[in-house]
1. Looking only at the range B:224-236, decide whether some residue is crowded, with 21+ Cβ neighbours inside 10 Å, within 9 Å of chain A (Cβ to nearest Cβ) and in contact (Cβ under 8 Å) with a residue 60 or more places away in the chain.
2. Among the residues that make up the range C:315-329, is at least one of them assigned by TED's automatic domain parsing to the domain that holds C:Ile343 and polar (S, T, N, Q)?
3. Under the condition of being outside any helix (DSSP H, G or I) and more than 7 Å from every other protein chain (Cβ to nearest Cβ), which residue from the range A:105-147 is modelled with the lowest pLDDT?
4. For the range C:27-61, which positions are over 29 Å from the mean Cα position of the chain (by Cα) and either assigned to a helix (DSSP H, G or I) or not polar (S, T, N, Q) (or both)?
5. Among (1) out of contact with any helix residue (DSSP H, G or I) (no Cβ under 6 Å at 6 or more places or on another chain); (2) touching a residue at least 40 places away in the same chain (Cβ under 8 Å); (3) away from chain B (no Cβ under 14 Å); (4) within 16 Å of C:Leu244 (Cβ to Cβ), where does C:Leu178 come up short?
6. In this structure, does A:Ile102 turn out to be within 22 Å of B:Val215 (Cα to Cα) and modelled with pLDDT of 95 or more?
7. Only residues that are free of Cβ contacts under 8 Å to residues at least 24 places away in the same chain and closer than 30 Å to B:Thr22 by Cα: list them for the range A:163-198, please.
Amino acid sequence: MSMTINSVTGIPLRPRKHSKLKKLPFYICMVALSSLILFPILFLVLTSLKSPTEFFGRSVFSLPRQFTLINFSKAFIEGKLSRYILNGLFLCALKVPLGILIESSAAFSIARLKIRFANGIFILFLIGMMIPMQICLVPLNIGLRTLNLFNTYSGLIFVYLGFGIPFGILILRGFFRTIPQELDEAAIIDGCSKMSLFTKIILPLAKPAVATLLILDTLGTWNEYLLISVFITNDNMRTVPAGLLSFIGENETAYGLLSAGVLISIIPVLIVFIIFQRHFVEGMSGALKG
Amino acid sequence: MHSKKNLSGYIFIIPAALIYFTVIVLPAVYSFYLSFFKWNGIGPNRKFVGLNNYYHILFEDVIFERAALNNTIWILLVLTITVGFALSMALLLNRQFRGRTLFRGILYFPYVLSGVMVAIIWTWVYHPQLGLISGFLQLFNLQEYYSSPLAGVKTAFFAIYAAALWQGFGAPMILFLAGLKTIPVELYEAATIDGANRSQTFINITIPMLRETFVIVFATQIISAMKLYDIVYAMTEGGPANRTHTMATWMVRQTFIFANVGKGTSIAVVMVLVLMVVIIPYVMFMAKDTGK
Amino acid sequence: MKEKVTLLLLVVSLLSGNLIWASGGAEEASDSVTELTWWNLSSRKELTERVVADFNAAHPDIQINAVLNSTDDHKNQLMVAASSGSLPDMWFNWGGTLGSFYPENGLSYDLSDYAKENNWSQKYDESALSLATLEGQLAGVPTSIAMIGMFYRKDIFEECGVTAPETFEEFETVLATLKSKGYTPLILCGKGGWHLMRFVEALIEMYGGSAEHDRLAALDSSWNSEPVIKAFAKFKEYVDLGYLPEGFVTLGGSDAKSLLYAGDGVIDIEGPWMESNIYNDEQDPDLYGYFKLPLSPKGNRMSGFVEMLQLNANLSDRELEAAITFIEWFYSPESINTYGALIKQPVPRKDNSIPERLVMTSMMIDDLNTYGSYTISDQGLPQEIAGKLFEAQDSVGVGIMTPEEAAAFMQKEIEAYKASK
């Protein structure tokens, strides 16, 4: 076979000089797919550059007659997005690492320590994912108020951690299990403690999983809306979704502001994605070969 | 299995267990208890009605039945189309080629938007007059043949799914990508030396080695399909003619708008029970043997 | 070890961060200051923030803290707060069955006595006070009143040679003429149900007459009856004639507006807020006109509803006084002058003056006084039944129910609802 890339597995079979021409259909395919996916985003960009008068004009594809950045400055300043973005970053910076630490230590125990009832414990955690959040609102509201944690980030993060645990454990346990058990046995024979087995061997090997979870969890926290709107009533402590939703009125929607706001608000998470996607791709392959 | 006492292993679980118990288990148990009452959420008039709420939603409530059917349809769509698409995209992106990072970023991009934002964008895409599709057809004077799929009682739910597919395939794709990275290259090299062809390596190596990833993807996708709420609510509010309700949108309506706390919680309980019946055996079966 | 340090650092930063943030928001509780929490809609953010800042500056003894949420979240969160006993001191609410839940369960302050002692009948419009009276209690302070009328494009009317109709027959002629000239005559949108409902309820008023309409709204008369069938049938007729926008069931409130602005649609069914929208969206006000939808002699009222501030039933006398001080200040002629277009007009107070440019709003108030009103259906009907009405409308509109089936469906659902209560 003249293929240099196994197109099913995507793994290069043998380094060989390949002609650019052969790859052309592949690239056309990718570009078409990408434009299809990015097309609706065009709406956001065009709308964000239009004033209300222009937005209510006829054609969708019309370029704004007058480019205006007023929506961006309005969203950023009047919509208080700058504050909301800072709050969101703060919450993510605390919640995500703390969550991953707690989840990975539990997943480590379930997946690798040969404890009794490991599967049962795992299933109990898994059930948590199935419970609709909305149904927990009233009891949690009462609880947080009783503990004086209402309107505090400690309280909110506590709740976030709770709802994040099932998913985190599911992901991490799955990946931990793909790491050969022989490693543990060898480490224990070498006199390694459980703690250092976890921190020195398993966690580093699970880098792709941790990076994946980090991306997903950051996004989840960044976009979370239901819980924060119930448990944080202080506007100065809220995050981006609250700011964006205030552009949607009872009888009308400020599409220009909303689009500008959405575009601004995806920048931070995009950066997180770009940084960490490298890790989850690089992480494992090197580790296993070595 | 292990005669040796291994209590110290549990220490690693304690923080997670404590938080999980307070945040999820306690409120859930309380809600389960409430599902046996007729109650408006306030005040002392809480009447024990046994299984009446369950009887009502399962046998008398047409909208609940539609919602349950919708969730089922959604699960089937997600397991076939979303997962299939995500896996093929992951395989594509797992190749070595120039611009890989860029394409990966683009394909994943919609996932950074929240469900409500996706709903706003896609409502506009489908818009009968001002929308992207109708605007596109207008260029060829074909606009009159377009009718918004969101407006049809039979098509609306599928139209929402298309929007969700656009947004949602990124998450399973990223999981598959991470999973593919865990497959040792040596396995493929050995298989090729043994003369295995592409579909054989795919079936005999890729799929089995992605087993844990499949467990995660299937479980999370089924669960989120069952809890489907925000994109549906923001795109149609359950309409037209209450045809696009899901169990979750109907539960929220019952609990918070109609103040039928008993009915709302019993819908939640049904959701959880159905999920447990589907997910637990699946995960247990897959967890039995790692094949190592 | 490193992990433990990280963990410790995280916990420390969590606590300290929390302190920084929390202390920023929390005010020193002192005995001389009365603190009040006020929940409002986030779409009224600008007004709320300005009002709170100005009021707090002018009243050192009262501290208002505003919490904003989007419309749907506001509804849900009031319910969550009600269930966990943590309602704020004041909250925005609509009248009818949306607002009545709170007096019904003893959660909102019954202002009846207070109003009597302080002569509110001299201060507020009578119609607003009666719309705010729910479950036999004055359940809130009415802050704005709304009535539903028809907003139309004057330029297109002129172009087609029609004028604002004075009878229903004329209205139908106008629709037919507009259609023949290639316009979408009637902008009715189905998403969420309430826009479409405004038209269907007007038809029920027309065919059934006022008295019967009230009985239907109170669920005392059978919906499986001629007026309801006729109303659904007329609506369906318009759908079939192509009077409504393409794909109308999927369109929402802001779509209605853009269709009108774009001149694709000609007549939109809205409340007085539409006039403010026209200004806020930088449209040319001269292009727009208003008329009351003419119905029949036996039923010719307008659909109306009230918005109010409900007060917590547990307010102390001092807090109540503070709340009233705030509301009096908020809706005083001076404040209305200061905040201008931000305040939702008409404010149902006797000392209120509508800003001069809001011509159509003034016309609507006159019509309301002339023709009277009934409570808009999504507030007049129990919420569950309103949901069924929306389903019936959509079903007739897209042709999966005949008008007869829709009327029978409504009655069946109403009976089931009554049996369950």
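The values are calculated or read from the model by the stated rules, or taken from the named source; none is laboratory data. Keep in mind that what you see is a predicted model, and the values were worked out from it rather than measured. Cβ: placed from backbone, ideal geometry, glycine included. Neighbour counts: every protein chain shown.
1. Yes - at least one qualifying residue is present in the range B:224-236.
2. Of the range C:315-329, the ones assigned by TED's automatic domain parsing to the domain that holds C:Ile343 are C:315-329.
Now drop any that are not polar (S, T, N, Q), which leaves C:316, C:325.
Yes, the range C:315-329 has at least one match.
3. As a first pass, look at the range A:105-147 and keep what is outside any helix (DSSP H, G or I): A:113-117, A:131-132, A:147.
Then drop every residue that is not more than 7 Å from every other protein chain (Cβ to nearest Cβ), which leaves A:117, A:147.
Values: A:Phe117: 87, A:Leu147: 90.
So, considering only residues that are outside any helix (DSSP H, G or I) and more than 7 Å from every other protein chain (Cβ to nearest Cβ), the one modelled with the lowest pLDDT is A:Phe117.
4. Pass one, the range C:27-61, residues over 29 Å from the mean Cα position of the chain (by Cα): C:27-34, C:57-61.
Hits for the range C:27-61 are C:Glu27, C:Glu28, C:Ala29, C:Asp31, C:Val33, C:Ala57, C:Ala58, C:His59, C:Pro60, C:Asp61.
5. (1)
6. Working: within 22 Å of B:Val215 (Cα to Cα): yes; modelled with pLDDT of 95 or more: yes.
Answer is yes for this residue.
7. From the range A:163-198, those free of Cβ contacts under 8 Å to residues at least 24 places away in the same chain are A:178, A:180, A:182-183, A:185-193, A:195-196; that's our starting set.
If the condition is that a residue be free of Cβ contacts under 8 Å to residues at least 24 places away in the same chain and closer than 30 Å to B:Thr22 by Cα, then A:Met195, A:Ser196 are the ones that fit.
So that you can scan it fast, the table gives a plain yes or no per residue for (1) within 30 Å of C:Met274 (Cβ to Cβ); (2) buried (at least 20 other Cβ atoms within 10 Å of the Cβ); (3) not charged (D, E, K, R):
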position: A:Ile202; (1), (2), (3): no, yes, yes
position: A:Leu205; (1), (2), (3): no, yes, yes
position: A:Met237; (1), (2), (3): no, yes, yes
position: A:Ser246; (1), (2), (3): yes, yes, yes
position: A:Tyr255; (1), (2), (3): yes, yes, yes
position: A:Val262; (1), (2), (3): yes, yes, yes
position: A:Val269; (1), (2), (3): no, yes, yes
position: A:Phe276; (1), (2), (3): no, no, yes
